[in-house]
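A.B. asks: Structure below; questions to follow.
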Amino acid sequence: MAQNVFAPWDDPTETPLIQFKGVTKRFGDFVAIDNLTQDIYAREFFALLGPSGCGKTTMMRMLAGFEAPSEGQILIAGTDMAHVPPNLRAVNMMFQSYALFPHLSVWDNIAFGLKRERHTKDAVSARVEEMLKLTRLEKFAKRKPHQISGGQRQRVALARSLAKAPKLLLLDEPLGALDKKLRQDTQFELMDIQEKTGTTFVIVTHDQEEAMTVASRVAVMDEGRIMQVSTPAQIYEAPNSVYVADFIGDVNIIEGTASPSVNGYEVRWAEGHAPLVAKASQVLREGQRISLAIRPEKVSISAEKPENSVNAIEGKIIDIAYLGNLSTYHVEVAGGIMVKAQTANTRRLSRRELTWEDKVWLNWTDTAAVVLEQ
Amino acid sequence: MRRFFLIAVPYIWLLALFLVPFLIVLKISLSDTALAIPPYTPQLDFGAGWDGIRNFFAALDFENFTFLTEDALYWKAYLSSLKIAAVSTFFTLLVGYPIAYAMANARIEWRPTLMMLIILPFWTSFLIRVYSWMGILSQEGYLNQFLMSLGLISEPLIILNTNWAVYIGIVYTYLPFMILPIYAALEKLDGALIEAAEDLGCSRLSAFWLVTFPLSKGGVIAGCFLVFIPALGEFVIPSLLGGSDTLMIGKVLWEEFFSNRDWPVASAVAVVLLLLLIVPIILFQRNEQKAREADQ
C-alpha cells in the first residue's frame with residue numbers, strides 16, 4: 001500500500017508558509033545573502049546546510065526578525081515581515097547557545113514567553129506542564145539551567161521555544177553542543193516532536209548527516225546562494241553540481257569529455273584508457289567537458305578484472321581506512337587520480353584478501369555515476 | 001613550609017596594618033584626656049612590672065562611649081552620614097548604570113578606551129578634583145555663569161556649601177566604583193539572552209527589566225557597597241563642599257581630633273563608625289561569595 005507522501009513543494013495548489021522573494025542581505029561590502037528566492041511550506045522540516053559563512057544563519061536571523069533584508073521581501077503566511085519586530089512574530093527560535101535565562105528555573109524559562117501573552121495563571125502552568133512532559137523534564141522543573149546537563153538544557157531550550165506554539169520554529173545548530181550518541185537520539189526526538197506538534201521547523205546546520213536525518217528537504221548553501229533544494233535522497237543521489245556532490249557525503253570526481261553513444265555517453269577521462277560509460281538525464285554536446293560523480297559505496301573492488309562490466313579500471317591500493325562496519329580503499333588509477341571504493345566488512349579482518357600496494361580492479365555500473373556539466 | 005609563608009603574608013599585613021592600629025585606637029577610646037603628649041592617660045608602664053599593667057587596665061573604662069550616647073550631636077551625625085551616603089549611592093547608581101550599559105554595548109574596539117576614560121580621573125589628586133568643584137558650583141562659578149548666560153535662571157543658584165554639593169561631590173568621586181562592577185556584569189551578559197527574550201515576546205524595555213537588570217544585580221550590589229562604605233566615613237568632600245549644617249561623622253571625627261584635641265572621644269567615634277561599617281561590609285562579602293558560587 002502506497003503511503004501518502006509528504007511533498008507540498010510538488011503540489012502547485014499549496015501556498016507556501018514562508019516566501020523569500022529576491023532577498024539580498026549585505027553587511028557593509030560583504031554580501032551574506034545574494035538575491036535569494038525560496039519557498040518553505042507548512043509542516044516542513046527544512047534544513048539549511050552549508051559551511052560556516054555561507055549565509056544560513058543570516059537567513060534564519062532574518063526569519064526571526066533580528067536582521068532586516070537589504071533588498072527583497074520575506075513573507076510569512078502571506079504577510080510582509082519587513083516592519084514586524086521579533087516580539088510580534090509567530091516565530092520562535094532555539095538558539096545555538098540555548099540562551100536559557102540563568103536567573104530563572106527551568107519552569108520559569110519555559111513559562112517566560114507565555115507570561116508575555118495575556119493568559120491566566122492556570123493556562124500558563126498547564127502549558128508549561130505539557131511542555132515539561134513532552135520533553136521529559138518534569139523532574140527538573142525547579143532546577144536552574146546551570147544545575148542540569150547539556151542534553152537537558154537543550155530540551156529546556158526546545159520546550160521554551162515550542163511553548164508558545166509558534167507557526168514556525170527556527171533551530172540554530174540545535175545539537176552542536178551534544179556528543180554524537182546523544183545527538184543521534186535527539187535527532188529522532190526532534191522529528192517525533194515536529195510530527196506531534198505539526199510545527200514548521202527550519203534548522204540550520206553544518207552537519208550534513210544531521211540535515212539528511214531530520215529534514216524533509218535540504219537546501220545546500222554556498223556564499224549566500226542556495227545551490228540545490230531537494231529531499232535528502234535526491235540531494236545524495238542526484239546532486240546538480242560538483243559542489244553539492246562534494247559537500248554531501250563522500251564522492252569521487254572524474255573529469256572527462258563526453259560523446260554520445262548507443263548506451264548513453266562515453267566519457268574519455270585518460271589517454272590510452274577505455275572510455276567510461278554513463279547515463280545522463282541531460283543532453284550533452286559532443287566533446288563537452290563534464291565531471292562524473294560516483295559515490296564510493298557504488299564502486300566495487302576486486303583482485304581480478306571483472307567480466308561484463310561496462311566501467312572497469314585498474315589501480316593500486318594506496319590506503320585503507322577501516323571504519324569497523326565499512327572499509328574505504330583509496331586506489332590510485334591512471335593519471336594519478338585517487339578513487340575511493342567502499343565495501344561492507346562482511347568478513348573478519350584476518351580473512352580480508354586485499355591489502356596495501358595490491359593491484360586491483362574498480363568497477364561500477366553505467367547508472368552509478370552522475371554526469372555533472374561544468 | 002612555602003605554603004605557610006604564602007598564606008602568612010596577607011595575615012601579617014592585616015595584623016600589622018589593621019589589627020594593631022585598631023587595637024591602639026580602641027585603647028585610646030577607653031582612656032581619658034590629659035594635657036600631655038600624647039594627650040591621654042593611662043600610659044602603659046612596663047617599668048612598674050605587673051602592678052603597672054594591672055593599674056593600666058584598671059584605668060580603662062567606657063566613659064567616652066557613654067558620652068557619645070548623651071550628646072545628640074553624635075547620633076545625629078551618624079544618622080545624617082547614613083542618609084547622605086545612601087542618597088549619594090542612589091544617585092551614583094542612577095548616573096553609573098547607563099554609563100556602564102553604554103560601555104558594555106559599545107563596539108568591542110572602543111571598550112578599552114572607554115574604560116581608560118573612566119579610570120583617567122584617578123591620575124589627578126582627589127583633593128584637587130574636589131577643590132575644582134568649588135570653582136564650578138560657587139555663586140560666581142562656571143555652572144551659574146553658564147546657566148545665566150543661557151537665560152535659564154536670573155539669580156545664581158546656591159549649591160556650594162549645601163548637601164547638594166556634597167551629593168555632587170560624592171557622585172563624581174565614586175562614580176568609577178559604581179561603573180566598573182556593573183560594566184563587568186553587563187559585559188559578561190550573552191547578547192543571545194536579550195534576543196531570546198525579544199523572540200519570546202518582550203519589548204526592548206521589558207527585556208531589559210526581565211533579563212538584563214536581574215543579571216547585572218550582582219554588579220549593582222557590589223557597586224553600591226563600594227560607594228556606600230567609603231561615602232559613610234567621607235571627610236574631605238563634606239568639609240570642602242558641604243555647609244556648616246552638613247553633618248557627617250567624618251567631619252565630627254576630624255574636629256574631635258584636631259580642633260577639640262580630644263583623642264579618646266575621637267577614637268570612640270572612630271570605633272563606633274567601624275562597627276557601623278562592619279554590617280555593610282559583611283553583607284558585601286556575602287554578596288561576592290554568592291556571585292562566586294553562582295559562577296561555578
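A.B. asks: Would you kindly state how much longer the chain becomes between B:V236 and B:L205 on full extension, computed as 0.36 nm times their sequence separation minus their alpha carbon distance, in nm to one decimal?
C.D. replies: Full extension from B:V236 to B:L205 adds 7.2 nm.
A.B. asks: Given a Förster distance of 41 Å, report the FRET efficiency between B:E63 and B:Y11 from their Cβ-Cβ distance, rounded to the nearest 0.05.
C.D. replies: Calculated transfer efficiency: 0.75.
A.B. asks: Next question. What number does region B:150-247 give for Rg over Rh if you use C-alpha atoms and the Kirkwood radius?
C.D. replies: Rounded to two decimals, Rg over Rh is 1.18.
A.B. asks: So, in nm, how far is label B:L79 from label A:A344 when the simple model puts each one 7 Å beyond its Cα toward the Cβ?
C.D. replies: Those two pseudo-labels are separated by 9.1 nm.
A.B. asks: Given a Förster radius of 60 Å and the C-beta distance between A:Q184 and B:A86 as r, what FRET efficiency does 1/(1 + (r/R0)^6) yield to the nearest 0.05?
C.D. replies: That gives a FRET efficiency of 0.55.
A.B. asks: Students often forget the sequence filter, so: which lysines lie under 24 Å Cα-Cα from A:K359 once same-chain residues fewer than 8 apart are removed?
C.D. replies: List returned: A:K298, A:K305, A:K316, A:K340.
A.B. asks: Hey, another quick one. Which of these, B:V166, B:V269, B:V87, has the largest mean-square fluctuation under a Gaussian network model of chain B (Cα springs below 10 Å)?
C.D. replies: B:V87
A.B. asks: Find, to one decimal place in angstroms, the Kirkwood hydrodynamic radius of region B:21-61, where the mean of 1/r is taken over every pair of different Cα atoms and then inverted.
C.D. replies: Hydrodynamic radius (Kirkwood, Cα only) of region B:21-61 equals 10.6 Å.
A.B. asks: Take chain A, connect every pair of alpha-carbon atoms lying under 10 Å apart with a spring to form a Gaussian network, then pick out the residue of A:D250, A:D207, A:D358 with the largest mean-square fluctuation.
C.D. replies: A:D358
A.B. asks: State the answer as a single residue: which of B:L127, B:G218, B:V236 lies farthest towards the positive end of the charge dipole of region B:67-295, with beta carbon charges of +1 for Lys and Arg and -1 for Asp and Glu, about the Cα centre.
C.D. replies: The residue sitting farthest along the positive end of the dipole is B:G218.
A.B. asks: How do A:321-331, A:195-205, A:211-221 rank on mean C-beta neighbours within 10 Å, highest first?
C.D. replies: Details: A:321-331: 14.5, A:195-205: 19.4, A:211-221: 22.9.
Most protected by this proxy first, the peptides run A:211-221, A:195-205, A:321-331.
A.B. asks: To the nearest 10 degrees, how steeply does helix A:150-162 sit against the main Cα axis of chain A, on a 0 to 90 scale?
C.D. replies: Roughly 60 degrees between the two axes.
A.B. asks: Within the accessible area of the protein assembly as shown, what % is carbon and sulfur when the probe is 1.4 Å and the other protein chains stay in place?
C.D. replies: The computed percentage sits at 59.
A.B. asks: Can I ask one more? Provide Rg and Dmax in Å for region A:1-149, with only Cα atoms included in the calculation.
C.D. replies: Computed over the Cα atoms of region A:1-149, radius of gyration and Dmax are 18.8, 55 Å.
A.B. asks: Same structure again: Using only helices, what value at 222 nm comes out for chain A when you add -39,500 (n - 2.57) per DSSP H run of length 4 or more and divide by the total residues, to the nearest 500 deg cm²/dmol?
C.D. replies: After summing the helix terms and dividing by the residues of chain A, the value is -6500 deg cm²/dmol.
A.B. asks: Could you grab the relative contact order for region A:8-245? Cα pairs under 8 Å, six or more apart, rounded to a whole percent. Don't skip to the answer; put the middle values down first.
C.D. replies: On the way: 441 pairs, mean separation 63.9, N = 238.
Dividing the mean separation by the residue count of region A:8-245 yields 27 percent.
A.B. asks: Classify region A:328-374 from the C-alpha gyration tensor, please: rounded if a/c falls under 1.5, else prolate or oblate depending on whether a/b exceeds b/c.
C.D. replies: Oblate, since a/c reaches 1.5 and b/c is not below a/b.
A.B. asks: So if I place +1 on the C-beta of Lys and Arg and -1 on the C-beta of Asp and Glu, and nothing else carries charge, what would the dipole magnitude of region A:1-104 be about its Cα centre? I want it in debye, nearest 20.
C.D. replies: In total the dipole reaches around 340 debye.
A.B. asks: Additional query: What is the projected area of the convex hull of the Cα atoms of region A:292-365, averaged over all directions, in nm²?
C.D. replies: Result: 5.0 nm².
A.B. asks: Oh, and also: Treat every Asp and Glu Cβ in the protein assembly as shown as -1 and every Lys and Arg Cβ as +1, leave all other atoms uncharged, and give the resulting dipole magnitude about the Cα centre to the nearest 20 debye.
C.D. replies: Here the size comes out at about 1080 debye.
A.B. asks: Another question, if that's okay. Just to be sure I understand: if you take the accessible area of chain A alone plus chain B alone and subtract the pair, with a 1.4 Å probe, what total do you get in Å², rounded to 100?
C.D. replies: 1700 Å²
A.B. asks: Within a 10 angstrom radius of each residue's Cβ in B:185-198, how many Cβ atoms of other chains show up on average? Whole number is fine.
C.D. replies: What the average comes to for B:185-198 is 5.
A.B. asks: I need the helices of chain B that pass two filters: whole DSSP H segments spanning 18 Å or more by Cα along the axis, and mean Kyte-Doolittle score no lower than 1.0. Walk me through the intermediate numbers first.
C.D. replies: Values: long enough: B:2-14 (19 Å, 1.18); B:72-105 (49 Å, 0.98); B:163-188 (36 Å, 1.02); B:217-232 (22 Å, 1.88); B:263-295 (46 Å, 0.92).
Counting only whole DSSP H runs, the qualifying helices are B:2-14, B:163-188, B:217-232.
A.B. asks: Once Rh is set to the Kirkwood radius over Cα pairs, what Stokes-Einstein translational diffusion coefficient, in µm²/s, holds for the protein assembly as shown at a temperature of 20 °C and a viscosity of 1.002 mPa s?
C.D. replies: Answer from the Stokes-Einstein relation: 66 µm²/s.
A.B. asks: Additional query: With a Förster radius of 51 Å, plug the Cβ-Cβ distance of B:L44 and B:M116 into 1/(1 + (r/R0)^6) and report the FRET value to the nearest 0.05.
C.D. replies: 0.50
A.B. asks: Take every residue in peptide B:251-262, count the Cβ atoms of other chains within 10 Å of its Cβ, and give the average of those counts. Let's see the in-between values first.
C.D. replies: Numbers: counts 0, 0, 0, 0, 0, 0, 0, 0, 0, 0, 0, 0.
Average per residue, whole number: 0.
A.B. asks: How high is the relative contact order of chain B, in percent, counting Cα pairs under 8 Å that sit 6 or more residues apart?
C.D. replies: Value for chain B: 26 percent.
A.B. asks: Sticking with this one: Kindly provide the helix-only [θ] at 222 nm of chain B, computed as the sum of -39,500 (n - 2.57) over DSSP H runs of four or more divided by all residues, to the nearest 500 deg cm²/dmol?
C.D. replies: My calculation for chain B gives -22000 deg cm²/dmol from helical runs alone.
A.B. asks: Modelling each spin label as a point 7 Å along the Cα-to-Cβ direction, I'd like the B:L23/A:Q73 distance in nm, to one decimal.
C.D. replies: Label-label distance for B:L23 and A:Q73, simple model: 8.5 nm.
A.B. asks: Would you work out which of A:N263, A:Q228, A:P275 lies farthest towards the positive end of the dipole of region A:198-300? Charges go on Cβ: Lys and Arg +1, Asp and Glu -1.
C.D. replies: Going by the charge dipole, the pick is A:N263.
A.B. asks: Computed from the mean reciprocal separation of all distinct C-alpha pairs, what Kirkwood hydrodynamic radius does region A:185-238 have, in Å?
C.D. replies: The answer is 12.0 Å.
A.B. asks: Alpha carbon centre of region B:126-165 versus region B:212-265: separation in Å?
C.D. replies: 22 Å
A.B. asks: I'd like to know which of B:A58, B:V271, A:N87 lies farthest towards the positive end of the charge dipole of the protein assembly as shown, counting +1 on Cβ of Lys and Arg and -1 on Cβ of Asp and Glu.
C.D. replies: Sorting the options by dipole projection puts first B:A58.
A.B. asks: For chain A, what is the convex hull volume of the alpha-carbon atoms per residue, in Å³?
C.D. replies: Residue-normalised Cα hull volume stands at 208 Å³.
A.B. asks: Checking the cross-link filter: which aspartates and glutamates have an alpha carbon closer than 16 Å to that of B:K217, excluding same-chain neighbours under 8 positions apart?
C.D. replies: B:E187, B:D190, B:E288, B:E293, B:D295
A.B. asks: Please give the per residue volume of the convex hull enclosing the alpha carbon atoms of region A:250-373, rounded to a whole number of Å³.
C.D. replies: Expressed per residue, the convex hull around the Cα atoms of region A:250-373 is 106 Å³.
A.B. asks: From a point 7 Å beyond the Cα of A:K139 in the direction of its Cβ, which residues of region A:169-184 have a backbone N at a distance under 18 Å?
C.D. replies: A:182
A.B. asks: If you count only protein heavy atoms with a 1.4 Å probe, what accessible area per residue comes out for the protein assembly as shown, rounded to a whole Å²? Let's see the in-between values first.
C.D. replies: Working: 35900 Å² over 670 residues.
Computed with neighbouring chains in place, this is 54 Å² per residue.
A.B. asks: Mind jotting down the three principal axis lengths of region B:67-295 based on Cα atoms? Whole angstrom, largest first.
C.D. replies: So the three principal-axis extents are 64, 51, 32 Å.
A.B. asks: Still on this model: Quick check on my link table: of A:K25/A:K56; A:K21/A:K56; A:K56/A:K133; A:K121/A:K164, which ones sit more than 21 Å apart, alpha carbon to alpha carbon?
C.D. replies: Long pairs (Cα-Cα over 21 Å): A:K56/A:K133.
A.B. asks: Ok, one more. Just how large is the dipole of region A:250-373 about the Cα centre, in debye to the nearest 20, putting +1 at every Lys and Arg Cβ and -1 at every Asp and Glu Cβ?
C.D. replies: Numbers: 14 positive and 16 negative charges, 71 e Å.
Dipole of region A:250-373, to the nearest 20 debye: 340 debye.
A.B. asks: Okay, moving on. Hey, how many Å between the Cα centroid of region A:94-116 and the Cα centroid of region A:19-46?
C.D. replies: If we compute the Cα centre of each part, the gap is 28 Å.
A.B. asks: Taking region A:100-212, how much of its Cα-Cα pair set, in percent, is spaced more than 17 angstrom apart?
C.D. replies: For region A:100-212, the share of Cα pairs beyond 17 Å comes to 54 percent.
A.B. asks: Next up: Take the Cα atoms of region A:259-316, find their three principal axes, and give me the spread along each one in whole Å, biggest first.
C.D. replies: Cα extents, longest axis first: 36, 26, 20 Å.
A.B. asks: Other chains near A:160-166: what is the mean number of their Cβ atoms within 10 Å of each residue's Cβ?
C.D. replies: 2
A.B. asks: Follow-up. Under a 5 Å amide H to amide H cut-off, with H placed in plane at 1.01 Å, what residues pair with A:T231 once short-range neighbours are removed?
C.D. replies: Under 5 Å from the amide H of A:T231 lie the amide H atoms of A:V218, each far enough along the sequence or on another chain.
The values are calculated or read from the model by the stated rules, or taken from the named source; none is laboratory data. As the structure is a prediction and not an experimental result, all values here were calculated from the model. Methodologically, a virtual Cβ is constructed for each residue, glycine included, from the backbone with ideal geometry; neighbour enumeration extends over all protein chains shown. Protein only, heavy atoms only, side chains kept; ligands, DNA and RNA dropped before computing areas. Shrake-Rupley method; radii C 1.70, N 1.55, O 1.52, S 1.80 Å.
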